[in-house]
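Quick note: the coordinates plus some simple rules give every number you see, no bench work behind them. Please read these numbers as outputs of a predicted model, since none were measured by experiment. As a convention, Cβ positions derive from the backbone with ideal geometry for all residues, glycine included, and neighbour counts pool all protein chains shown.
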Amino acid sequence: MRYDFDKPFDRSRTGMKWMSVPEGTIPMTVADMDFPLMPEVAAAVRAAADRGDFGYQTLRRADYEAVQDWIRRRTGELLPLETLLNTPGVLYTMRCSMYALTKPGDKVVIQTPLHTPSIKSASMMGREPLKNWLLYQNGRYTMDLDHLEACFRAGARVLMMCAPNNPTGRVWTKAEMDAVAELANRYDVYVVSDEIHRDILWDGNRHLSPTSMPTLRDRSVSVISTSKTFNMGGFHIGTAIIPNEKIREKVRDQFYNYGFSCGRPTVIDLDAQTAAYTCGEEWYHQMLSYIEGNFDLALAYLDGLPVTARKPEGTFLLWLDISALGLDNAGMWDLMRNKWRVKGDPGSYYDTADYQTYTGSEHHIRLNLATQRIHVEEAFDRIRRYFA
Ligand SMILES: Cc1ncc(COP(=O)(O)O)c(C=O)c1O
């Protein structure tokens with residue numbers, strides 16, 4: 001079946017992204033897609049409602065098998081079913097995992113630039129965040145392994161990863177992950193990995209989860225979800241992959257800390273997830289090739305302009321370097337609101353402020369390209385015309 005990703009879809013009454021801009025401005029902010037729910041998932045939601053059993057439910061083996069098989073199709077790995085925990089969401093699971101693996105006041109490493117709520121996780125949970133800023137050289141980010149070691153030496157208990165990284169689009173290489181593994185083992189640190197974007201990969205980049213590495217498997221948690229892969233952020237569901245039984249039990253206990261209902265997905269979430277993983281293969285491939293077309297178009301528009309970007313290795317997010325414009329925060333907002341009328345998320349949201357390159361000016365804007373082609377065309381045409 002052919003899915004029509006060009007089809008107009010009005011999100012102005014319910015979509016957070018579209019509700020936050022004045023008419024005429026193109027929003028490229030919140031990391032969801034402007035495509036409607038896959039029809040197969042919508043049918044599963046309707047079927048759950050028609051079935052009408054909204055009493056307490058036990059998770060079915062088929063729900064776990066759907067996740068297991070999706071992972072096998074993406075990575076070739078057949079994970080034992082008992083290593084998969086159904087969860088009500090990624091951020092929630094990241095925080096529960098950190099909470100389970102640390103004590104109040106323990107040090108936790110985060111690597112910025114990073115998805116804003118993830119930056120807040122450690123301090124909100126009474127842990128001490130240690131920042132390991134990614135190094136930015138020639139338009140590309142890499143992990144600062146020397147500083148990571150310094151954080152571990154200072155007593156960090158957990159490294160919170162974002163893989164692929166939101167907002168920079170980095171997909172960590174095997175060499176980088178091997179270096180993390182060596183340090184984590186040497187300093188006895190756990191690795192908790194947010195892999196919500198791991199199905200969105202470009203140009204043959206391969207995602208490597210710490211839970212798949214013999215050197216990290218027993219000290220790691222990774223969290224995946226249908227949120228980004230199938231544009232299902234409005235559902236409350238995700239899966240934690242936890243190979244080590246003791247860690248699994250600790251994290252599972254945390255899920256129910258705030259009550260039974262908070263720790264589980266709902267009947268609807270579960271049916272939606274299972275439908276997406278079982279019926280979503282075609283939609284997924286067509287979605288990827290459509291969004292890749294958006295990147296090609298956007299990068300062609302940017303060619304030769306003072307604002308620059310690389311195609312991300314993963315994610316549907318373009319991390320636009322605007323440092324050549326020398327704008328302060330107010331200037332950047334003026335540019336987006338009044339000149340381009342294209343709204344992205346300023347780099348400062350992701351804590352880019354203390355870079356080695358920081359000069360006191362705004363230097364990046366994150367633009368979400370998971371939208372109809374017509375919006376990408378109009379947005380980047382506006383940006384190009386501004387510099388004409
Ligand atoms: C890296 C990252 N983690 C987590 C989330 C949110 O996940 P959830 O809604 O399942 O908590 C997002 C959403 O943008 C994200 O980009």
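General remarks:
- Here the chain is treated with +1 on each Lys and Arg Cβ and -1 on each Asp and Glu Cβ, and its dipole about the Cα centre works out to around 480 debye.
- Calculated from backbone phi, Karplus (6.51, -1.76, 1.60) coupling profile of the range 215-226 in Hz, x at Gly/Pro: 7, 10, 3, 7, 10, 9, 10, 10, 10, 10, 6, 7
- DSSP beta bridges confined to the chain are antiparallel in about 50 percent of cases.
- Intensity falloff of the range 306-355 expressed as log10 I(q)/I(0), Debye formula with alpha-carbon point scatterers, at q = 0.20, 0.27, 0.29, 0.33 Å⁻¹: -0.79, -1.30, -1.37, -1.40
- Debye intensity ratio in log₁₀ form over the Cα atoms of the range 139-279, taken at each q of 0.14, 0.19, 0.20 Å⁻¹: -0.74, -1.21, -1.29
- Anisotropy class of the range 77-174 from Cα gyration tensor, a/c 1.5 cut: oblate
- Net +/- balance of residues flanking Ile374 in space, Cβ distance below 12 Å, scoring K and R +1, D and E -1: -3
- Panel values: the range 120-204, Kirkwood radius from alpha carbon pairs, Stokes-Einstein at 10 °C and 1.306 mPa s, translational diffusion coefficient 115 µm²/s.
- Antiparallel DSSP beta bridges within the range 55-279, as percent of all bridges there, nearest 5: 40
- Taking Lys and Arg as +1 and Asp and Glu as -1, the other residues whose beta-carbon sits under 12 Å from that of Leu325 total -3.
- Of all aspartates and glutamates in the structure, the ones whose alpha carbon falls short of 18 Å from that of Lys120, not counting any fewer than 8 places away in one chain, are Asp106, Glu128, Asp194, Glu195, Asp345, Asp351, Asp354.
- Rel. contact order, % - alpha carbon contacts under 8 angstrom, at least six apart, the chain: 23
- Cα centroid separation, the range 81-155 to the range 221-293 (Å): 20
- A protection proxy built from the mean count of other Cβ atoms within 10 Å ranks the segments 5-17, 373-385, 186-198, most packed first, as 186-198, 373-385, 5-17.
- Spin-label proximity, Arg385 to the range 321-346 - amide N less than 18 Å from point 7 Å beyond Cα toward beta carbon: 335-344
- Under-5 Å amide H pairs with Tyr190, H placed in peptide plane, nonlocal only: Val158, Leu159
- Summed residue charge, Cβ within 13 Å of Glu281's Cβ, Lys/Arg positive, Asp/Glu negative: -1
- Stretch gain in nm, segment Glu292-Glu182, where the contour uses 0.36 nm per residue and the Cα spacing is subtracted: 36.1 nm
- Separation of the alpha carbons by more than 18 angstrom is noted, of Lys17/Lys343; Lys17/Lys228; Lys17/Lys311; Lys107/Lys131; Lys7/Lys339, for Lys17/Lys311; Lys7/Lys339.
- Gain upon complete extension [Lys103, Ile374; 0.36 nm per residue less C-alpha separation]: 92.6 nm
- Pairwise inverse Cα distances across the chain, averaged and inverted, put the Kirkwood hydrodynamic radius at 21.7 Å.
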